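Structure record follows, encoded as structure tokens.
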Amino acid sequence: MQPNSIAMIEVSNISKKFGNLIALQDVSFTVNNGELVGYVGLNGAGKTTTIEIIAGVSYPNSGEVIIDGHSIIKEKKEASKNVSWVPELPIFEQDATVLDYFIYLAGYYGIGKEEAKKKAEELFSLVGLQGREKDKLKNYSQGMKKRFALAVSLISDPNNFIFDEVLNGLDPQGIMFFRDLAVKLKKENKAILFSSHILTEVENIADKVIFIHKGKIIRQMSIEEIKNYIRTNIFRVVLGRIDGNVIKIAEKYGNPKLQGNIIFIENFNGDIPGLSSDLLNYNIIEMAKVEGNLEEVFFKLIGEQK
Amino acid sequence: MKTVFYDFKRSFLRFSVILFIVIFAAIGIAVSYETYATNVSPNPYYFHDLNVIGVSIQKYNETEVIGYVFNNHGNPINNAQIIANGSSYRTNASGYFELNLPQFYFEPIAVSYNNQKIEFIPLPVFENGSKYLSAEGVVEGFSYGTQNNVQNITLKYAFVVINNNGKGTLILAIDNPNNQGVYVNFANYSSSFAIPNTSFKYVGNVTGYINFYHLQTPSSIEFLSVQVKSLGPYTTEYYPDGSAITSLVSGIIGVIGGFTFIFAAIMLYLAYILFSKPRDTGALKFILARPIIRRELYINRYLGGVLTAILSSFLLTFLSYATLSILVSSSGILLPLDFPLILFVSTSAALIGFFSLVYMLPSFIKSGGEMLGISIFLFLLFQIGPTVIAGIIAFTTGHINEIIQIIYGSYYFSPLGAESFGIYYLELEYGTMPAVSSVHLPLVILSSIIWIAIPFIIGLIKFNKINI
Ligand SMILES: Nc1ncnc2c1ncn2[C@@H]1O[C@H](COP(=O)(O)OP(=O)(O)O)[C@@H](O)[C@H]1O
Ligand SMILES: [Mg+2]
């Protein structure tokens, strides 16, 4: 953490039960100003539950969420003014016209009708919905609803944003738009938390990733850490011919394992010319360093957890 | 507070709501007109502001007619035109006229004033009044001699009673004025015709052909008996505001009854749209993410429904009232304002009570479909339940003749009961509904308040705690 950055979203020790199901257990993390944080976990891990608690629409059984210094539980109004939430699903009143609903929601921020109309014009063109203000929400496509939710999240220009699976249902153009928006918000020194069940989605824009699994935070890693984590030292050689000696030859270069006609050499010493000349008789079809898969990181972390 | 207005607008400016208001407003106007057409048009003079009372005295070669022309407040009408036997006469400043007609002249005589016209036939006593008069009667009877065998004489009289907020007037036309005593008795509408003589009140003596007496007139429907000694009493119904209002009001009561029945279903639908469906779909969460606390959200949307109920009831009752008032404006008497007021208050209370009840449900039931199912059950239960349950109670306990009492008693246990009580009070005041001993105003008010407040509060407390 940079010394003079202030925690804008501060989640401390929140737990949440649904009946007997423990959805969240002692979840704590912070999202600082100017920080884009990915919140990653499998389906049902507890991401949405966490985010709805931060958004003030759900109560934790214990713990506290502080947004810009205000408790979302005890000072809901103040805290809510400072945070915008884009929900996972398009949970609007679908029979309203888009503009009417926008104006209605703006009313909660003390924004009058005329001002709200102006804002709508500006934000709808920003999210690419211009010309569709008179439609009913129910006639919007999934992606358009997401864009609408994004426009709504920008009404009050808050300092903090929480996006729940925001890329779901967006077309490539929408994904680009969201990335640009996220970067822009980050430049404006906002704190942004966004969840995803796909780590690769987060990789390109997040500064930090928080991993949640079965209601518990299992790890918080910066993007550099993750990249190091997946940088493997495994070498992979596909051979045309195999015999009992192959392993012995490969042992000089690391810890080999044979799978069919493929040798994986862990802790590879890096001597590619040596290895290739030693294996010349085995008719090398292909050889390369194994690239770590981002998703594997996640499974590895889960594995460690067990 | 802007958002309350939006919630109201979004509940009120909804196709179904507007449609029903328009339909019922149209029905309200249509029924007002229909009421007018069936009651007023065929007998326009029932609703005029012109009345006549008088006597005809047969002299040896002519008929002398003495009459008094007055308005619905009992005040004399000056310069009313009388046309009889081809000649025109005028009433004097005191509303009197005097005609000299041929002997045994029994042709209709027209009285007209201000484009209104009534007729009468110059019988020994005659009276033709509008239905705004509180009571009227024509008596032709014999005064029987007592045992000391005084000669029997015929005695004929006509009377009208005008109620000016309790300060009533009895106008009595009598063909044989002879200083007789005049007595009057008011009796409870539900009591029997057998009226003890002792309760008669002496109001004065007969001093001429047309006599005026001050009376204290009651403000509810009663039986009125008038007695001119030494004839027996003549009993008729007394309507404080005249029977015209009764017939006009009853049509509107029917419309409003239908409105409340159907609009309760609209309130159910509104509770679903405003609260149940948004909870089910998560839309409440989306709104709750704004700078608002749960209590405000709950109250905002509740007020949206309540204002819709109030505005709809108001529009309907006062529109019907206004239509009817315009149609009968020539009578010079305003339709009493408590008529739309009682209907408005009781209809709103019933609709709000039912709305509170079904609005509470989404706090307990997340599924919109289930909420609708239960609401529809409650709707049917409270619409037909009280009558059915009262019927069962009456039959099983053998109190069949008390069924009305039991039905009204059961209305306390229905959020929609307020409406029935409102109609009850109107019928009591203007109609023929006898007083039901199980109806007590404080209980009516208390039950309405409880039905509105308790579900509202329970729903609010629960809503503050749930996972929405
Ligand atoms: N309202 C609810 N009632 C009961 N269980 C719930 C509710 N909401 C979420 N859960 C459960 O809590 C767990 C976490 O869910 P969620 O936070 O939606 O996961 P994610 O968003 O990470 O996919 C899941 O097991 C889910 O079934
Ligand atoms: Mg989720």
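The values are calculated or read from the model by the stated rules, or taken from the named source; none is laboratory data. Model, not experiment: these values are computed from the prediction. Counting neighbours? That spans all protein chains shown, and the Cβs are built from the backbone with ideal geometry, glycine included. For accessibility, only protein heavy atoms count, side chains too; no ligands or nucleic acids. Shrake-Rupley method; radii C 1.70, N 1.55, O 1.52, S 1.80 Å.
Just a few scattered comments:
- Ranking A:ASP157, A:ASP135 from most to least accessible surface, computed with a 1.4 Å probe over the protein chains only, gives A:ASP157, A:ASP135.
- Taking every alpha-carbon pair within the protein assembly as shown, the share separated by more than 49 Å comes to 48 percent.
- Accessible-area value, B:ARG90, 1.4 Å probe, nucleic acids and ligands omitted, Å²: 120
- Averaged per residue, chain B has 43 square angstrom of accessible surface, using a 1.4 angstrom probe with ligands and nucleic acids left out.
- Largest-first ellipsoid semi-axes for the stretch B:268-365, taking √(5λ) over the Cα gyration tensor eigenvalues, angstrom: 38, 12, 10
- Quarter of the Cα convex hull surface for chain B, i.e. its orientation-mean projected area (nm²): 28.3
- Peptide B:289-299 has a mean shielding of 6, counted as Cβ atoms of other protein chains within 10 Å of each residue's Cβ.
- For the set A:LYS138/A:LYS187; A:LYS16/A:LYS134; A:LYS76/A:LYS227; A:LYS16/B:LYS366; A:LYS146/A:LYS289; A:LYS146/A:LYS214, the pairs lying more than 29 angstrom apart at their alpha carbons are A:LYS138/A:LYS187; A:LYS16/A:LYS134; A:LYS76/A:LYS227; A:LYS146/A:LYS289.
- Accessible surface ranking that places the most exposed of B:TRP451, A:TRP85 first, with a 1.4 angstrom probe: B:TRP451, A:TRP85
- Folded to 0 to 90 degrees: helix A:172-187 orientation relative to chain A principal axis, Cα: 80
- Restricting attention to the protein assembly as shown, close to 85% of DSSP beta bridges with both partner residues there are antiparallel.
- Dipole in debye (nearest 20) - the stretch B:49-240, about Cα centre, beta carbon charges: Lys, Arg +1; Asp, Glu -1: 340
- The count of lysine pairs in the stretch B:49-240 whose Cα atoms are under 17 Å apart, excluding pairs fewer than 8 places apart on the same chain, comes to 5.
- Over the stretch B:9-108, the ratio between the Cα radius of gyration and 2.2 N^0.38 Å evaluates to 1.87.
- For the stretch A:42-175, the Cβ-based charge dipole about the Cα centre amounts to some 200 debye (Lys, Arg positive; Asp, Glu negative; other atoms uncharged).
- Both chains summed, the buried accessible area for B and A stands near 2700 Å², from protein heavy atoms and a 1.4 Å probe.
- Structural descriptor for the stretch B:49-240: relative contact order 18 percent, calculated from alpha carbon pairs under 8 angstrom and at least 6 residues apart.
- Listed residue (B:ILE384, A:ALA151, B:ILE53) projecting farthest to the positive dipole end of the protein assembly as shown, Cβ model: A:ALA151
- Shielding score for B:390-398, defined as the mean number of other chain Cβ atoms within 10 Å: 0
- Scattering profile of the stretch A:121-242 at q = 0.11, 0.20, 0.23 Å⁻¹ [log10 I(q)/I(0), Debye over alpha-carbon scatterers]: -0.50, -1.19, -1.42
- Size of electric dipole in the protein assembly as shown: Cβ of Lys, Arg +1 and of Asp, Glu -1, about Cα centre, debye, nearest 20: 2000
- Carbon and sulfur %, accessible surface of the protein assembly as shown computed with the full protein complex present, 1.4 Å: 57
- Area of A:LYS227 that stays accessible when all protein chains are in place (1.4 Å probe, Å², to 10): 90
- Coordinate range along principal axes, alpha carbons of chain A, Å, largest first: 80, 44, 41
- Shape class for the stretch A:213-306, computed from the alpha carbon gyration tensor (a ≥ b ≥ c): prolate, with a/c not under 1.5 and a/b above b/c.
- Compactness of the stretch B:49-240 - radius of gyration and Dmax, Cα, Å: 16.9, 54
- Solvent exposure ordering (accessible area, 1.4 Å, most first) of B:TYR213, B:TYR33: B:TYR33, B:TYR213
- For chain A, the longest principal axis of the C-alpha atoms and the axis of helix A:98-107 are separated by about 70°.
- For A:LEU258, solvent-accessible area (1.4 Å; no DNA, RNA or ligand), Å²: 70
- Rel. contact order, % - alpha carbon contacts under 8 angstrom, at least six apart, the stretch B:42-106: 32
- Taking a span of 27 Å or more along the helix axis (Cα atoms) and a mean Kyte-Doolittle hydropathy of at least -0.5 as the rule, the DSSP H helices of chain B that qualify are B:15-35, B:242-271, B:294-327, B:338-360, B:368-397, B:441-463.
- For residues of A:87-99, the mean tally of beta carbons on other chains within 10 Å: 4
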